[in-house]
Structures are given as structure tokens and as C-alpha cells.
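Before any comments, here is the structure.
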Amino acid sequence: MKKRSAFFATLSLAMITTAITAFASPSTTQENVTPESNVSPISNPFVEGQLISPFVIDTSNPIGGTVTGGAVVPKTFTINGGFGHIKLLMKNYSSSSVTVSLTHKNSGWVYFSEVISGNGSITWKNFEHGYEQGMRGGDYTLQWSGGGSNVNGEFFGKTGSSISDVTN
């Protein structure tokens, strides 16, 4: 009987020690998590009171700029891997129509070629034009062509890891 009681006492002590150790030491998966400095809005998903979202917007390489000069003006930007959903707003400030095309430089794939009327604008989202799975990471050229007239415009864009990141 004494051996049996000693066995259960030892077993209980071992279980309690294991439980205390497990709760007292931080989890290695949480301890080693460091937020990416180039993504937002989540800085640390383990902070109490902060929204936890699996989606992030890539803020490390802003997309946008002015487009002025000759009849054909190329502008380049990069889509980082994992951020293949994109929304582009393109504004034409000239009175003449311009044609804007988006080409993936590495593959030569043309994602779109759109005409923007004089003093008009368009918004282009990948998932509304047949690219629901996102676009390839890499370098892109957004080429503006005024058809003989000088172009005068501006563009803005954002990329995200999910469609919901770029819907607004």
C-alpha cells in the first residue's frame, strides 16, 4: 500500500511540475514572433486589445507618382511577393485621351491596356479583371501613351495579401 501511495504522489508531483513549467515559460512561437517592419496594420498580434487580421497591406514600396513629359511615359514599380492584389487609380489631367498599359517586366505579360478619356480617371483592381488569385511578384511598367500628345497624369496604388486589403 505504501508503494502504491508513493507512486501516485510521485506521479502527481511530476504532473504538477510539468503544468507549472508549461504555464510559467513563454511559448517559443510567441517569444520569437517579431512583426515585419514593412507591413501594416498589425504590429504584434499578441497584444491585448489590438485587432487581429490575417490580411496586410504592403507599405514598404508605395506605388504612385506624376506622369508628365513626352507622348510616351513609362513608370515602374514593384509588387512584392505575397502582396499580389493591387488597386490602381489613374488620373488623366490632359484634355486628350491617353492609353495606359500595365506590363510585368520579367515575363512581358500585359495585364491591361485601358483608354482614359481627357480629364478622366479609372480605377483598376486585379480581381475585377480576371486575376482573382493575385498577380505575380516582380517589377512592372505602367506605360502612358498620349497618341502624339504629351501626357499629363498621376497614379496611385496599393498592394495587399488579400482582395479585402485593396477593395476600399
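A few remarks follow.
- Stokes-Einstein D in µm²/s, Kirkwood radius over Cα pairs - the stretch 57-165 at 10 °C with 1.306 mPa s viscosity: 114 µm²/s
- A Cβ-based charge dipole, computed about the Cα centre of the stretch 57-165 with Lys and Arg at +1 and Asp and Glu at -1, lands at about 120 debye.
- Around S101: net Lys/Arg minus Asp/Glu count, Cβ-Cβ under 13 Å: +1
Values in this text are rule-based calculations from the coordinates and carry no lab data. Please read these numbers as outputs of a predicted model, since none were measured by experiment. Cβ coordinates were reconstructed from backbone atoms using ideal geometry, including for glycine residues, and neighbour counts include every protein chain displayed.
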